[in-house]
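These notes concern the structure reproduced below.
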């Protein structure tokens, strides 16, 4: 019986376009000014800038050079840990200032509440940082959804297309010997392949009416996930 639901964000609970059309451009637009303003006195920013210098081989005292590196990484969509951390700081300010709200589909928000009330433990696994995950659900268009989650995982547990990452998650949940009690939701079949290899149950969530050939159960929204969940149990 399923006792844990592990969900992806982009394309699953939330629109892919929100991340690429709102969050990434916002961080790119504000990165230079944020770094220049915060670098002198903000220790957390200083730590990340040192990490940028270490990873890029740049001069840690060359602030403009580090800014250029960060902007280059954004254009390259590089999955660099210090970049993610600084983006998260910028997004937090944007959320708190009311510049935008995190996009979450209404059907996802409704089921997250319902599943929580039914006693299911819910976790997030996304390539975005844990901080970014908490922000999108904490400042969502559907209200604060963070009370419905028991925890969050990012790529510190491993790459999303590798089975080892899902085994690490199972171990952290204390379910290493009961992987079949965890359901993983994603719009990426390669991620489902890895989760299935680790022993988890899986559902491919495809928003819209796309025709998809796959060996996985398919849902078009969280209501259909709920119907499939009853079949799995």
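The values are calculated or read from the model by the stated rules, or taken from the named source; none is laboratory data. Computed from a predicted model, the values in this text were never measured in an experiment. Quick reminder, even Gly has a Cβ in these numbers, built from the backbone with ideal geometry, and neighbours come from all protein chains shown.
General remarks:
- Residue count for region 168-185, restricted to those that are touching a residue at least 12 places away in the same chain (Cβ under 8 Å) and part of a helix (DSSP H, G or I): 7
- Subset of region 186-203 [touching a helix residue (DSSP H, G or I) at 6+ places or on another chain (Cβ under 6 Å), surrounded by fewer than 20 Cβ atoms within 10 Å (Cβ to Cβ) and not in a loop (DSSP other than H, G, I, E, B)]: 197
- Applying the condition of being modelled with pLDDT of 85 or more, in contact with a helix residue (DSSP H, G or I) (Cβ under 8 Å, 6 or more places away or on another chain) and in a loop (DSSP other than H, G, I, E, B) to region 206-233 and asking which residue is nearest to residue 9 (Cα to Cα) yields 221.
- Pick from region 1-18, criterion in contact with a helix residue (DSSP H, G or I) (Cβ under 6 Å, 6 or more places away or on another chain) and more than 18 Å from residue 180 (Cα to Cα), ranking: surrounded by the fewest Cβ atoms within 10 Å (Cβ to Cβ): 10
- In region 51-64, the condition of being buried (at least 20 other Cβ atoms within 10 Å of the Cβ) and within 30 Å of residue 165 (Cα to Cα) is met by at least one residue.
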